[in-house]
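Colleague: Pasting a structure here, questions to come.
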Amino acid sequence: MGGITGELSQSNSINNCTNSGVIIGTGKYVGGIVGFSLEFGTINRCINNGYVEGKNAEIGGIVGQANQTTIKKCINNSQITHTGIGQNYQQDVGGIVGRLFNTGKIFECINNGEIISKAYCTAGIVGQCNDVIIEKCINNGKVTSELASRPWTGGIAGVYSGGSTNSIIKNCYNTAKIIGNNDVGGISGHTINTSAKFQNCYNIGDIKGNTNVGGLIGNNENNSEGVNSYYLIDTASRDFGNKTPTDYAKDKEFITTTFVTTANTSETIWQVKTNQNKGYPILIETNE
């Protein structure tokens, strides 16, 4: 079920669409714009302003589940609620997409809506992803996982697994409070393998949970590589919830200067404006 269409068929696209209606779905896939997107689809410059709710489903502010799909310059502005009980891995909730897999891509997307979930995987951008590229995305929406056992909760991704050398979360940030139980992270709740890399990312939102709570990653299962990625001091007690703390916790001055300079080495992507994002770095293209 979707605000514009229930299913985006193979190799088709949706462009410049807005949904403002309430979406309450009872099926397997629920999205503010699209319920389910098949291979090689494109969702471009779409905005969801309507409340989205589902039960025991893949739920996203833009699309519930997508396979080999590119999602670009989309924004979710409304609350997303998952009302079921997480029974299996087919229940994921994200501000942009619930589940994305098989070389999918998310570019320049923003979630501003609060997310309340009882699903296994919950995050500001994508609940669960495998073998994907996530670039220049922002989460500003508070994320709360209410599942008592084995939830994975993150600012950008709930569960992020690699699959190819191209898999990466790059030039992304989280500003919102992330609350969960186990495996809670400012960027990702849980990373699965070493090919799941992240680069030029930061978190300034408070990260709260019981076990494996990290300013960047809750459970960095196989030591995923992090490059020029940091979190604000005091938002969490560890960089990676299941690892010994290292040196990823930084103050505002470091994040607004050294982080930006390093991230802009090959291309000017980041900038600092004192009247935006509390003076923390913003993405030039995404924040336009």
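Colleague: Go through the range 52-81 residue by residue and tally those that are more than 14 Å from the chain's Cα centre (by Cα), of a type in the set (Gly, Ala, Ser) and part of a loop (DSSP other than H, G, I, E, B).
Modeller: Final tally of qualifying residues: 2.
Colleague: While we're looking at this one, here's another question. Could you list, in sequence order, the residues of the range 91-125 that are of a type in the set (Ser, Thr, Tyr) and either within 17 Å of PHE40 (Cβ to Cβ) or more than 11 Å from the chain's Cα centre (by Cα) (or both)? Let's see the steps before the verdict.
Modeller: Going residue by residue through the range 91-125, those that are of a type in the set (Ser, Thr, Tyr) are 103, 117, 120, 122.
Residues satisfying the conditions are THR103, SER117, TYR120.
Colleague: Scan LYS273, LYS250 and give me the residue that is free of Cβ contacts under 8 Å to residues at least 40 places away in the same chain and in contact with a Leu (Cβ under 8 Å, 6 or more places away or on another chain).
Modeller: On the way: LYS273 fails: in contact with a Leu (Cβ under 8 Å, 6 or more places away or on another chain).
None of the other options fit; the residue is LYS250.
Colleague: With respect to the numbered conditions (1) closer than 23 Å to LYS73 by Cβ; (2) in contact with a Gly (Cβ under 7 Å, 6 or more places away or on another chain); (3) not hydroxyl-bearing (Ser, Thr, Tyr), which one is the sole condition not fulfilled by VAL184?
Modeller: Only one criterion is unmet by VAL184, namely (1).
Colleague: Here's a follow-up. Given ILE207, ILE284, which one is farther than 29 Å from GLY163 by Cβ and β-branched (Val, Ile, Thr)? Steps first, answer last, please.
Modeller: Working: ILE207 fails: farther than 29 Å from GLY163 by Cβ.
None of the other options fit; the residue is ILE284.
Here is a yes/no grid of residues against (1) within 25 Å of LYS136 (Cβ to Cβ); (2) surrounded by 14 or more Cβ atoms within 10 Å (Cβ to Cβ); (3) at pLDDT 85 or above:
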position: ILE204; (1), (2), (3): yes, yes, yes
position: ASN222; (1), (2), (3): no, no, no
position: VAL227; (1), (2), (3): yes, no, yes
position: PHE259; (1), (2), (3): yes, yes, yes
position: ALA263; (1), (2), (3): yes, yes, yes
position: SER266; (1), (2), (3): yes, no, yes
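The values are calculated or read from the model by the stated rules, or taken from the named source; none is laboratory data. Nothing here was measured: the structure is a model prediction, and the numbers come from that model. Every residue, glycine among them, receives a Cβ derived from its backbone with ideal geometry; neighbour counts consider all protein chains shown.
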